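The structure appears below as structure tokens.
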Number of protein chains: 2
Amino acid sequence: MNERDPDRAVSHTVRAQLALRDLILSGRLRPGERISELGAVETTGVSRTPVRMALVRLEEEGLLEAIPSGGFMVKAFTERDILDSIELRGVLEGLAARFAAERGVSARDLEPLKQSLAELDELVARDAVSVEAFSAYVTMNARFHALLTELSRSAPLIRQIDRASALPFASPSGFVMAQSALPEAHQTLIIAQDHHRIVVDAIENREGARAEAVMREHARLAARNLRLALRNRTHLDLLPALALIRSPVSE
Amino acid sequence: MNERDPDRAVSHTVRAQLALRDLILSGRLRPGERISELGAVETTGVSRTPVRMALVRLEEEGLLEAIPSGGFMVKAFTERDILDSIELRGVLEGLAARFAAERGVSARDLEPLKQSLAELDELVARDAVSVEAFSAYVTMNARFHALLTELSRSAPLIRQIDRASALPFASPSGFVMAQSALPEAHQTLIIAQDHHRIVVDAIENREGARAEAVMREHARLAARNLRLALRNRTHLDLLPALALIRSPVSE
DNA sequence: TAATACCTTTATGTATACAGTATTGAATGG
DNA sequence: CCATTCAATACTGTATACATAAAGGTATTA
């Protein structure tokens with residue numbers, strides 16, 4: 001029987017994909033663990049066909065790995081993988097910033113980014129170090145990065161960045177969570193916010209190289225802080241994606 | 001009935017994916033054209049289930065686009081999309097080259113790349129401008145780029161580059177085809193070969209920035225030549241991926 | 001003649017049945 | 001007690017059947 005429930009307009013396939021992704025990212029499915037189709041059918045409530053589609057999509061997303069003999073397992077990542085993903089993301093966003101700067105952005109199109117910057121400024125100025133404040137910053141920060149990516153007006157690049165962000169630790173949210181996982185979290189946010197300000201200024205003044213460089217530095221800051229956080233075992237609960245690391249923390 | 005044919009060890013899904021991809025890249029399926037599942041079942045000879053899996057994978061690959069009302073169509077690209085994809089590829093390969101240089105490559109690991117370089121040198125020295133010679137160069141060139149990517153020893157980056165290469169015009173073969181699609185093709189190959197030589201040297205001497213810069217320049221060369229080839233309408237038959245461009249050639 | 005409504009047909013999303021293979025467990029032999 | 005082999009079970013890959021929605025064509029009316 002097909003979907004008649006008016007509550008949910010999304011397809012069974014999408015529902016299954018969302019449910020399974022949440023299961024993986026929340027850590028309830030451990031890295032290396034095999035995902036049974038039948039089990040997924042039980043947890044998601046849909047039949048095997050949409051479950052299979054969801055599994056294929058999650059594999060392409062990078063969260064699952066195909067087992068040669070058949071089926072899929074939760075992909076495991078090393079610490080190196082995660083740091084590389086962050087740097088990769090920085091390179092891609094650097095290109096997006098450069099494209100935006102080189103190709104020119106109208107004042108009208110730049111407005112949303114500036115407003116996002118202002119809202120982030122306000123959050124940082126509040127000097128709140130609560131988990132809720134960080135959570136708000138994470139959301140706003142992700143929006144800033146998304147807006148910046150859009151300004152590149154390059155469909156292939158936007159697509160690639162979206163794909164690179166499938167791994168949560170490589171997303172802007174991951175950046176901030178890593179940053180917040182430090183006693184000096186607030187100082188880090190101030191520096192990150194400075195990067196944001198510089199990239200907006202560079203885009204406005206059509207300084208492509210500067211825009212690209214600062215986005216790369218932005219990612220390096222996040223990578224460095226994540227490394228420190230992993231070493232110091234501080235606030236790791238803020239980084240749910242850490243569930244994906246193969247061995248608990250060590251290299 | 002399951003696959004019993006000993007001739008083919010690949011699954012029905014993979015067979016369907018290969019067949020459909022070939023159909024798209026060869027231009028027999030035009031951009032924007034809707035792909036009927038039933039039609040795909042007839043052309044591929046497998047049932048709807050593996051056809052559907054193949055369609056999902058091709059969508060993730062970037063060759064297909066989901067239709068809101070259901071089903072898939074062949075994705076169409078603008079000339080700008082293609083040029084951006086080439087630059088994007090250059091940025092990614094630049095990062096790979098930098099990783100290889102910064103992290104160090106043993107003489108033993110560098111050997112295959114050097115040999116590939118030598119083989120390419122030989123082909124260029126022959127000064128043959130036949131289609132067969134170009135075809136051989138394309139194959140060797142793709143191998144060189146694949147080896148270079150591997151030397152980064154970064155699983156996330158390698159994965160991303162593989163994904164970015166799904167679009168044939170963004171692949172190393174596409175680079176060379178764009179280069180060869182010019183009257184001055186041989187001169188272009190000489191320059192490209194110089195880039196190859198420099199990147200190997202930079203990796204060997206651990207000059208990360210230099211390695212990255214030359215790979216970016218390498219992609220810019222390809223992009224510039226493709227633009228010229230499109231303007232001059234020269235040797236476009238050497239670029240099969242052009243079938244993916246939305247309007248015949250113009251921007 | 002054109003527009004609209006209804007019906008027919010087709011195609012997609014979903015569910016399930018079937019075939020074959022891999023994996024696991026137990027039992028037997030060394 | 002451990003290893004090896006065989007059998008049973010479970011799971012994946014594939015095929016097909018079913019339900020619903022969309023699209024196209026035809027007929028009827030203005």
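The values are calculated or read from the model by the stated rules, or taken from the named source; none is laboratory data. Being a predicted model, the structure only gives us computed values, none of them experimental. Quick reminder, even Gly has a Cβ in these numbers, built from the backbone with ideal geometry, and neighbours come from all protein chains shown. SASA here: full protein model, heavy atoms, side chains in, ligands and nucleic acids out. Shrake-Rupley method; radii C 1.70, N 1.55, O 1.52, S 1.80 Å.
Under unit Cβ charges (Lys, Arg +1; Asp, Glu -1), what dipole magnitude, rounded to 20 debye, does the stretch B:79-244 have relative to its Cα centre?
400 debye
Taking all protein chains as present, what is the carbon and sulfur share of the accessible area of chain A, in % to the nearest whole number, probe 1.4 Å?
In chain A, the share of accessible area belonging to carbon and sulfur is 52 percent.
Using a 10 Å cut-off on Cβ atoms, rank the peptides A:44-55, A:164-175 from the highest mean neighbour count down.
A:164-175, A:44-55
For chain B, what is the accessible area per residue in Å², given a 1.4 Å probe and the full set of protein chains?
46 Å²
Would you mind calculating the relative contact order of the stretch B:12-74 from Cα pairs under 8 angstrom and at least 6 residues apart, reporting the percent as a whole number?
Computed value for the stretch B:12-74: 42 percent relative contact order.
Considering protein heavy atoms only and a 1.4 Å probe radius, which residues within the stretch A:57-72 exhibit an accessible-area decrease of no less than 30 Å² in the full assembly relative to the chain by itself?
A:Arg57, A:Glu60
When Cβ neighbours within 10 Å are restricted to other protein chains, what is their mean count per residue of peptide A:151-160?
6
Taking amide H positions as placed 1.01 Å from N in the peptide plane, with prolines and chain starts having none, which residues 5 or more places from A:Phe72, or on another chain, fall under 5 Å of its amide H?
Amide H neighbours of A:Phe72, under 5 Å, 5+ apart: A:Ile35, A:Ile67.
Averaged across the residues of B:81-89, what count of C-beta atoms belonging to other chains lies within 10 Å of each residue's C-beta?
5
Which residues, if any, in the stretch A:93-140 lose at least 10 square angstrom of accessible heavy-atom surface (probe 1.4 Å) when the other protein chains sit next to their chain rather than the chain being alone?
A:Leu95, A:Arg98, A:Phe99, A:Arg103
Along the Cα-to-Cβ line of B:Asp109, 7 Å from the Cα, sits a label point; which residues in the stretch A:53-93 have backbone N less than 18 Å from it?
Inside the label zone: A:78-85, A:88.
With an 8 Å cut-off on Cα pairs and a minimum separation of 6 or more residues, tell me the relative contact order of the stretch A:79-244 in percent.
Answer for the stretch A:79-244 is 39 percent.
Residue by residue through the stretch A:39-48, which ³J(HN,Hα) values in whole Hz follow from phi under the Karplus form 6.51 cos²θ - 1.76 cosθ + 1.60 (θ = phi - 60°), with glycine and proline marked x?
Couplings: x, 4, 4, 5, 5, 8, x, 10, 7, 5 Hz.
On average, how many beta carbons from a partner chain sit within 10 Å of the beta carbon of a residue in B:34-45?
Partner Cβ neighbours, averaged per residue: 0.
Note the distances from A:Leu25 to each other copy's matching label point, with points 7 Å along the Cα-to-beta-carbon direction, in nm, sorted shortest first.
Inter-copy label distances (nm, one decimal, shortest first): 3.3.
With unit charges on the beta carbon (Lys/Arg positive, Asp/Glu negative), name the residue among B:Ser36, A:Pro172, A:Leu63 whose Cα is farthest towards the positive pole of the charge dipole of the protein assembly as shown.
Farthest along the dipole direction, towards plus: B:Ser36.
If you draw the axis that swings chain B onto chain A, which residue of B has its Cβ closest to it, and how far is that in whole Å?
B:Glu60, 2
Roughly how large is the A-B contact in terms of buried accessible area, totalled over both chains, probe 1.4 Å, nearest 100 Å²?
3000 Å²
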